[in-house]
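Contents: one structure, followed by commentary.
The values are calculated or read from the model by the stated rules, or taken from the named source; none is laboratory data. Just so you know, these numbers come straight off a predicted model, no measurement behind them. Cβ sites come from the backbone with ideal geometry, for glycine too, and all protein chains shown count toward neighbours.
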C-alpha cells in the first residue's frame, strides 16, 4: 500500500520547543550522511530557532557538529520549519509531528 498522509502537530507551541531532541525517524539528509546517534539542540530566538545538530560519524567514530537556524515557513502551520545550516547552500524541511514538549 501507499504511505499514510502525515500531518504536523496541531497547536504547536514553539516557545516550549527549546532543548535537545533525538531523532527517531528521518528522511536521509546530506548534512547527516554517515551519522548515527543524531540529536538537535533548538534554542528559541525572537523570530527563529538557533539549531545545533550533532552525531557520530560511522566512518571515524568522531563527533560531528553542524549549526544553522530554523524558521517557520507558514505562520498558520508553526510545526513546519525550514532549516538552513551555515555550511549548506540549501534549506531542508523539518516537521514536528508530535511532542509533549518534555519526553518526545
_Residue selected from the stretch 4-23 under the condition over 19 Å from residue 74 (Cβ atoms) and in contact with a strand residue (DSSP E or B) (Cβ under 7 Å, 6 or more places away or on another chain), by the criterion surrounded by the most Cβ atoms within 10 Å (Cβ to Cβ)_ = 21
*Only listed residue being modelled with pLDDT of 90 or more and either under 11 Å from the mean Cα position of the chain (by Cα) or under 21 Å from residue 102 (Cβ atoms) (or both), chosen from 76, 84*: 84
